[in-house]
Amino acid sequence: MQKITIAIDGFSSTGKSTIAKQLAKALGYVYVDTGAMYRAVTLFAMRNGFIDENKNEAQALVKLLPKINLKFVYNEELGFAEMYLNGDNVEKEIRTLEVSRNVSEIAAIEQVRFKLVEMQQKMGEEKGVVMDGRDIGTVVFPKAELKLFMTASAEKRASRRYKELLDRGEEVTFAEVLKNVEHRDHLDSHREVSPLKLAADAIEFDNSDMGLEEQFERILNYAKRVINKQ
Ligand code: DC
């Protein structure tokens, strides 16, 4: 059967990665979490002292971009690929609230986007991928056969992220998490380079009040319909 490209975009914490992983598993496709790539570059910038609450030395980071090596390595036990930055597994570190606080600024740097988009296009060259992010259906794969745009209310999304962070042992308040979600929404949809926006041919999917199973069933049906038409 002919393979397709599935692009999943949307605001943060709308469950993009959950549905993307489910779809990839059901279809035997490769899942690519592009947010993990922006997060890993952010971690690199933080480790090198290029970014914190008070500074953003974008040019210094851009100079070192060729020295950033990113790789996804599939973890059989977990059932998904983990992010490696210059040979180290950084899967846990890239998910902290500290990285979330800085990532939108790093993701707004044109040269960073250029490097990562090029890598993403290579990963999806042979189709059979489910890729999630902010610009997948608009910039990375404008010809993707299936494009989904996930939304949910900011409160719902913050409460999902809050639970995740607590489960991971981070000491955060709900108010802090909500503030971060709203702040990132604003930065992600107002930046100059590849802002988050709904592609004309994307299916918008609001899951504020939808269970995971129902969502999966519906979206898998969309995907099967598109695949059968190829
Ligand atoms: O999906 P996420 O929350 O892990 O993404 C982290 C950040 O990276 C998000 O705030 C915006 C940015 N991002 C982006 O600009 N483009 C992508 N394709 C994926 C993520």
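Which of 3/163; 92/143; 16/143; 21/122; 71/179 have a Cα-Cα distance over 25 Å? Before the final figure, lay out the partial values.
Numbers: 3/163 35 Å; 92/143 33 Å; 16/143 19 Å; 21/122 20 Å; 71/179 31 Å.
Among 3/163; 92/143; 16/143; 21/122; 71/179, the Cα-Cα distance tops 25 Å for 3/163; 92/143; 71/179.
Fully extended, how many nm does the chain gain between residue 229 and residue 171 (0.36 nm per residue separation, minus their Cα-Cα distance)?
Full extension from residue 229 to residue 171 adds 16.0 nm.
From the P(r) of region 110-230, could you give the percentage of C-alpha pairs in the tail past 24 Å? Let's see the in-between values first.
Numbers: 2943 of 7260 pairs.
Summing the P(r) tail past 24 Å for region 110-230 gives 41 percent.
Cα to Cα, under 18 Å, and not fewer than 8 places away if on the same chain: which aspartates and glutamates meet these conditions relative to residue 67?
Within the straight-line cut-off, residue 67 pairs with 57, 88, 110, 118.
If you take every DSSP beta bridge whose two residues both sit in the chain, what share of them, in percent to the nearest 5, is antiparallel? If you can, show how the numbers build up before the last one.
On the way: 9 of 27 bridges.
DSSP beta bridges in the chain are roughly 35 percent antiparallel.
Below 14 angstrom from the Cβ of residue 44, what's the summed charge of the other residues (Lys, Arg +1; Asp, Glu -1)? Each step should come with its number before you reach the end.
Details: positive: 39, 47, 63, 67, 71, 115; negative: 52, 57, 88, 93, 98, 105.
So the surrounding residues net to 0.
In whole percent, what relative contact order does the chain give with Cα contacts below 8 Å and a gap of six or more residues?
33 percent
Taking N as the number of residues in the chain, what is its Cα Rg relative to 2.2 N^0.38 Å?
Values: Rg = 17.0 Å, N = 230, 2.2 N^0.38 = 17.4 Å.
This ratio for the chain stands at 0.98.
Using alpha carbons only, how many degrees (0 to 90, rounded to 10) separate the axis of helix 110-123 from the longest principal axis of the chain?
Approximately 40 degrees, to the nearest ten.
Quick note: the coordinates plus some simple rules give every number you see, no bench work behind them. Since this is a predicted model, take the numbers as computed values, not measurements. All Cβ positions, glycine included, derive from the backbone under ideal geometry; neighbour counts span all protein chains shown.
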